[in-house]
Every structure is written in C-alpha cells, then in structure tokens.
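Engineer: I am attaching a structure below and will ask some questions about it afterwards.
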Amino acid sequence: MSTTENRPEWLDNAVFYEIYPQSFNDTNADGIGDLNGITEKLDYIRELGCNAIWINPCFKSPFGDAGYDVEDYYTIAPRYGTNEDMIRLFSEAHKRDMHVILDLVPGHTAVTHEWFRQSMKAQRNEFTDRYVWTDSIWEEPQGMGCIRGISDRDGSCAVNFFSHQPALNYGFYKPDRDWQQPMDAPGPMATREALKDIMRFWLCAGCDGFRVDMAGSLVKHDEDGKGTIALWQDIRAFLDREFPSAAMVSEWGEPDKSLLGGFHMDFLLHFGPSHYNDLFRCPEPYFSKRGKGSAKEFISAYKENYAKTNGKGLICIPSGNHDMDRLARSLDTDEMRVAFAFLLSMPGAPFIYYGDEIGMRYVEGLTSVEGGYGRTGSRSPMQWDKGLNAGFSSARADMLYIPQDSSPDRPDAASQCADDNSLRSEVKRLIAVRMANPALRSNGSIEFISDGYPLVYSRSAEGQTIAVIINPSAESALVPDIRGKFLYIVGSAEAKENGTRIGGCSAAFVEL
Ligand code: GLC
Ligand code: CA
C-alpha cells in the first residue's frame, strides 16, 4: 500500500484540465501558445469547474518530442516565456484556488542537454555515468535501442523512447554486465539527487506537484518494478520531509506499483492491459450508440487494480491526452455527453484534455509536427471563438505552428459557453454535480452492478450512496431495483415501480 498518508487535501476534490502549452493560447502573435496565454485563460478553466491544471513540458528543448526531450530542466522554453511568467501563472492560479502540476520527465533528456554533451566526452567527468552507456561501441544495450557513433567516448548509450532521448542512469536492478551499474552506485545515486534538485526548484517556485512521464521506466532490467518502486519510495521520503503537500501523479498504468512507490494517483493508459480503448477508441467503442461494444474487459481489469490497491484504485481516467486520438474522432456529441457522465463519476481525479469539453476534432491528414506523428491531429490549436484563427492567435494563419481544424462548423468555446445545450455546458454541470456530492469524488468507493448496456455502478462516501447508470446504446433499458432521487440526468431517465428506465444514449445519477 501507499507508503504515506501524506496527501495534499486539494487532490481529493481535484478535476484536472490538461494543457498542451504550444496549442492553448498565443498572446504575442508568433503562432504558438505561451504561458501568459494560459494565465489569461485561467478564468475560463475555473468557470468550467476545473480546479487544477497539468501543463505538458514547457522547459527549454529542441522539441523533437514536443518538449519531452528536455535540454534544461531549470529554464522555461523562451517560446513560452520566462521563469517569471511561470511563477506568475502559479500565483494567479492559487488566487483562484487552483493548483498547477508540471510535467516531470525523469527518464531521459534531449541529446542537447549539457549533461549528455559532457557524458559523450572520452575523458571521465562528473556526467560520465549520468546516462546508461555500454563500454564498447560494438555492444548494444539489449532491448533498449541506442545512440552510437556520435561521441568520442567509446560505447553505446541506451535510449528511453525516441532515438534522440538518451536514458538517464538510475542503475540496473540485477546487473549482469560490467557496464551495468547497480542502483546504489555513485552514478545512479547522483542522477537521483539531480532529479530531487529539479523537483525542489519548481516546488519552491510555487508549483503544486508533478505528472511524471514514464514513471515506471527508470531502473533497468527491473521486470517486477521492484527497483523503480524503491527509487520512488526514496523520492517519497524526500517529499515527505521537504514538500509533504506536493501532488504526485504517475504515467505508469499499474497503480499497485505506483501507489506503493508513494504516488498519490496513477493514470489509466491507452496502451497495455487496461482495455481503455475498448471504451472510446476502437472500431466498435462501448460508448457508441450502436451498442455493439463491450466494457467487460475494461471493468474486469479495473476491478483487479482496485482490489490490488486495497480499494483505493486511484487510477485517473483521462478524456484524452496529447498521445491519443480525440474523443470526437469516434464519438458524436451525444455519445460524448454520456462518456463524460462516466468520466466524471469514476474514482480518481478526472483529467479533461483541452478542447475535449467542446468536442474538438482530430485534424486529419496533418504532417507530423515536433515528433507528434499520428498524435499531431489531437494537438491542434484551441478553438476559442469564431474570430481569426478561432481566437487562438492573431498571427497570420499560415504562421500557426500546427494548422487548425478548417471545417466551417468547427466547435468553439465562446459559442458553447453561450449555449445551455452545448457539450461544454453539459460537462460544466457534470463537474458541478461531482463537486457537490462526496460519493462521486475521487475517494468514494465503487461497486459494479452491471457491465453490459447499461453499465451500472454505485459510488459511496460519507454516508452517501449514488447509483450511476450509463447507457450509451440507442436502446432504452430498465434497470431493476435501482430507485431513488435523480441528482442529474443526461438525455432521459424515469423512475418506475420496479426500477429506473434509462433512455437511449443517456446517463443518470440516482441517490439511493
Ligand atoms: C510519454 C508522453 C509522450 C512522450 C513520451 C516520451 O508517454 O506522454 O508524449 O512522447 O512519454 O517522453
Ligand atoms: Ca506565443
């Protein structure tokens, strides 16, 4: 179980909004979003009901992977502004009772990072062991991919993701070659301390915690995650000592491991064994009106995780993110309403990807930008209004760093704010219902009652129990035995003598 009960109280009621900074709001007409642009839109986010934001990496970078290739962890990328702009963003968020988590990328850096430049040198120096190197150019680190032939140093350097992202060295759980260092060797220990320094720097500057990129990837040859868990437990002890209220959310997808490592919450991933894609992103998604999908495998995987974490679960289900297709690529507006009723009534903090609240579309046919490849279509600039560049930027349209959705009926925030029947208004009401009812929040327990069409589960906390009925299918259905006070209905629902009739493509929250 979690090694700590230290958790920031605000996290229990958090509803996050994920911001991809380059695509959110451009305030200096250079065609790319910036930090002042985020600050300017805090009221928009707060008004939606979100009280926390996660900002994708915004540090100095060559942007070969959208900033997940950090060149300098201590400096905001000039295209986004300055460190002072970031500090102002923290303080403006706090004034509105909002919290900000930054994206921490501990597994790898850019090849342009000074650590890597030093590490490539033939002569031994402070950074020689900062990355995972073999001791001969002819030996590859098995199963990891590598960078080789670009340094005077003899050896191949393991990579963690793209081939320009050299893997930082946190050691090997079970070293079986000379060049593989144990976790407690001086090199890996120094990398760990360097990571703490980075965290310390931004927490002192006013950040409220981190979303941790590829959190389970740090210690190598660590099949069961034991080494990586031990490493995070050490970071947890450091946070408990110095920053007990820092929030830690992992991109790991295995809450039994991440919570043990001291993370407060983990993300449900769209790859691996979660079956998340069965819900929204496959040829027959569960959330389609066709009613031909299945949530069964998703729920069985979810229950397994829930059991393994002593009923804590704490796995956050995002509406989408910068790595996956937009919801609107496979669901229509009414289907998305039902999907949001689900997302906003599950345990763990909900994460809404910028623009999903208005049903922004996946932009088809784009050429890759900043290592996005197929992900680029989900990263197009936010559509704020019906003005120039949809209000994103006053630069010439051809200067926007990613082209926007060019369809004449593209959704925009201003129109949807003014329309009570819009997707955004639905999402806003759903967030308000979640906030007003302890049973629906992150820590309320969950029990699944039925996993077909409709999906039925009950949530309980503080003496309150709410049955949630989710019926994406176009066919209405009778849910036997569930009767009570309707707290919220998407579409239609009606109390019957022997239960609740739920309309087609509808959802209902029933207080028992
Ligand atoms: C994570 C990020 C993704 C990035 C990768 C490498 O999965 O979400 O965008 O490309 O890590 O850092
Ligand atoms: Ca800008």
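Engineer: Give the residues of segment 223-262 that are farther than 22 Å from ILE55 by Cβ and of a type in the set (A, V, I, L, M), sorted by residue number.
Structural biologist: Correct list: ILE229, ALA230, LEU231, ALA237, LEU259, LEU260.
Engineer: Then there's this: Taking the conditions exactly as written (of a type in the set (Asp, Glu), surrounded by fewer than 19 Cβ atoms within 10 Å (Cβ to Cβ) and without any contact (Cβ under 8 Å) to a residue 40 or more places away in the chain), does GLU84 satisfy them or not?
Structural biologist: Numbers: of a type in the set (Asp, Glu): yes; surrounded by fewer than 19 Cβ atoms within 10 Å (Cβ to Cβ): yes; without any contact (Cβ under 8 Å) to a residue 40 or more places away in the chain: yes.
In short, yes.
Engineer: Out of the residues in segment 257-280 that are more than 21 Å from ALA341 (Cα to Cα), at pLDDT below 95 and assigned to a helix (DSSP H, G or I), state the one that is most open to solvent (accessible area, probe 1.4 Å).
Structural biologist: PRO273
Engineer: Moving on. Against the condition over 21 Å from the mean Cα position of the chain (by Cα), crowded, with 20+ Cβ neighbours inside 10 Å and either polar (S, T, N, Q) or more than 16 Å from ligand 2 (Cβ to nearest atom) (or both), how does GLU92 come out, does it pass?
Structural biologist: Values: over 21 Å from the mean Cα position of the chain (by Cα): yes; crowded, with 20+ Cβ neighbours inside 10 Å: no; either polar (S, T, N, Q) or more than 16 Å from ligand 2 (Cβ to nearest atom) (or both): yes.
Taking the combined requirement at face value, the residue does not satisfy it.
Engineer: So, of the residues in segment 384-398 that are within 16 Å of ASP412 (Cβ to Cβ) and not in a loop (DSSP other than H, G, I, E, B), which turns out to be farthest from ligand 1 (Cβ to nearest atom)?
Structural biologist: It comes out as LEU388.
Engineer: If a residue counts only when it is touching an Asp or Glu at 6+ places or on another chain (Cβ under 8 Å), which strands (runs of 3 or more DSSP E) contained entirely in segment 37-144 have at least 3 such residues? First the steps, then the outcome.
Structural biologist: Values: elements: 52-55, 72-76, 99-104.
Answer list for segment 37-144: 52-55, 99-104.
Engineer: Hey, another quick one. Of all residues in segment 383-402, count the ones that are open to solvent by 20 Å² or more (accessible area, probe 1.4 Å), over 17 Å from TYR80 (Cβ atoms) and in contact with an Asp or Glu (Cβ under 8 Å, 6 or more places away or on another chain).
Structural biologist: Number satisfying all stated conditions: 4.
Engineer: Follow-up. Scanning for something surrounded by fewer than 23 Cβ atoms within 10 Å (Cβ to Cβ), modelled with pLDDT of 95 or more and under 30 Å from TRP384 (Cβ atoms), does segment 289-310 turn up at least one residue?
Structural biologist: yes
Engineer: Among the residues of segment 145-188, which ones are buried (at least 18 other Cβ atoms within 10 Å of the Cβ) and not in a loop (DSSP other than H, G, I, E, B)?
Structural biologist: Passing the criteria: CYS146, ILE147, CYS157, ALA158, VAL159, PRO166, ALA167, LEU168, PHE172, GLY187, PRO188.
Engineer: Restricting to segment 8-26, count the residues that are within 15 Å of ligand 1 (Cβ to nearest atom) and either charged (D, E, K, R) or part of a helix (DSSP H, G or I) (or both). Break it down into steps so the answer makes sense when it comes.
Structural biologist: Taking segment 8-26 first, the residues within 15 Å of ligand 1 (Cβ to nearest atom) are 16, 18-23.
With either charged (D, E, K, R) or part of a helix (DSSP H, G or I) (or both) added as a condition, the list becomes 18, 21-23.
Number satisfying all stated conditions: 4.
Engineer: Still on this structure, I have one more. Test of understanding: among SER450, SER442, which residue is touching a helix residue (DSSP H, G or I) at 6+ places or on another chain (Cβ under 6 Å) and not in a helix (DSSP H, G or I)? First the steps, then the outcome.
Structural biologist: Values: SER450 fails: touching a helix residue (DSSP H, G or I) at 6+ places or on another chain (Cβ under 6 Å).
Exactly one residue qualifies, and that residue is SER442.
Engineer: Further question: Would you pick out the residues in segment 30-50 that are open to solvent by 20 Å² or more (accessible area, probe 1.4 Å) and more than 7 Å from ligand 2 (Cβ to nearest atom)? Full working, then the answer.
Structural biologist: Taking segment 30-50 and keeping what is open to solvent by 20 Å² or more (accessible area, probe 1.4 Å), we get 30, 36, 40-41, 43-44, 46-47.
Listed by number, the residues that qualify are ASN36, GLU40, LYS41, ASP43, TYR44, ARG46, GLU47.
Engineer: Please state which of the following conditions GLU364 fails to meet, knowing it meets all the rest: (1) in contact (Cβ under 8 Å) with a residue 40 or more places away in the chain; (2) open to solvent by 10 Å² or more (accessible area, probe 1.4 Å); (3) more than 19 Å from the chain's Cα centre (by Cα).
Structural biologist: (1)
Engineer: Can LYS308 be described as more than 20 Å from the chain's Cα centre (by Cα), within 30 Å of GLY377 (Cα to Cα) and not hydroxyl-bearing (Ser, Thr, Tyr)? Show your work before the answer.
Structural biologist: Values: more than 20 Å from the chain's Cα centre (by Cα): yes; within 30 Å of GLY377 (Cα to Cα): no; not hydroxyl-bearing (Ser, Thr, Tyr): yes.
Spelling it out, it is not the case that LYS308 is more than 20 Å from the chain's Cα centre (by Cα), within 30 Å of GLY377 (Cα to Cα) and not hydroxyl-bearing (Ser, Thr, Tyr).
Engineer: Quick check, is PHE287 in a helix (DSSP H, G or I) and among the aromatic types (Phe, Trp, Tyr)?
Structural biologist: Values: in a helix (DSSP H, G or I): no; among the aromatic types (Phe, Trp, Tyr): yes.
Here the answer is no, as PHE287 does not meet what is asked.
Engineer: Going by the structure shown, is VAL338 assigned to a loop (DSSP other than H, G, I, E, B), on the phi < 0 side of the Ramachandran plot and crowded, with 20+ Cβ neighbours inside 10 Å?
Structural biologist: Taking the combined requirement at face value, the residue does not satisfy it.
Engineer: In addition: Answer yes or no as to whether VAL249 is away from ligand 2 (no atom under 16 Å from the Cβ), surrounded by fewer than 24 Cβ atoms within 10 Å (Cβ to Cβ) and of a type in the set (A, V, I, L, M).
Structural biologist: Working: away from ligand 2 (no atom under 16 Å from the Cβ): yes; surrounded by fewer than 24 Cβ atoms within 10 Å (Cβ to Cβ): no; of a type in the set (A, V, I, L, M): yes.
No; evaluated as a whole, the condition is false for this residue.
Engineer: Further question on the same structure: Restricting to segment 101-135, and then to whatever is within 19 Å of ALA215 (Cα to Cα) and β-branched (Val, Ile, Thr), can you tell me which residue is surrounded by the fewest Cβ atoms within 10 Å (Cβ to Cβ)?
Structural biologist: Within segment 101-135, the subset within 19 Å of ALA215 (Cα to Cα) is 101-110, 130-132.
Right, trim to β-branched (Val, Ile, Thr) and you get 101, 105, 109, 132.
Working: ILE101: 24, VAL105: 29, THR109: 27, VAL132: 29.
So, considering only residues that are within 19 Å of ALA215 (Cα to Cα) and β-branched (Val, Ile, Thr), the one surrounded by the fewest Cβ atoms within 10 Å (Cβ to Cβ) is ILE101.
Engineer: Pairs only if they're at least six apart or on different chains, beta carbon under 8 angstrom, first in segment 248-270 and free of Cβ contacts under 8 Å to residues at least 40 places away in the same chain, second of a type in the set (Asp, Glu) and open to solvent by 10 Å² or more (accessible area, probe 1.4 Å); list them, first residue then second.
Structural biologist: LEU269/GLU251
Engineer: For segment 209-234: of the residues being in a strand (DSSP E or B) and on the phi < 0 side of the Ramachandran plot, which is farthest from ligand 1 (Cβ to nearest atom)?
Structural biologist: Here is the first cut: in segment 209-234, the residues in a strand (DSSP E or B) are 209-212, 220.
Cutting the leftovers down to on the phi < 0 side of the Ramachandran plot gives us 210-212, 220.
Values: PHE210: 13, ARG211: 9, VAL212: 10, LYS220: 16 Å.
Here the answer is LYS220.
The values are calculated or read from the model by the stated rules, or taken from the named source; none is laboratory data. Everything numeric here is computed off the predicted structure, so don't read it as measured data. Cβ atoms come from the backbone with ideal geometry, glycine included; neighbour counts cover every protein chain shown. Only protein heavy atoms, including side chains, enter the accessible area calculation; ligands, DNA and RNA are left aside. Shrake-Rupley method; radii C 1.70, N 1.55, O 1.52, S 1.80 Å.
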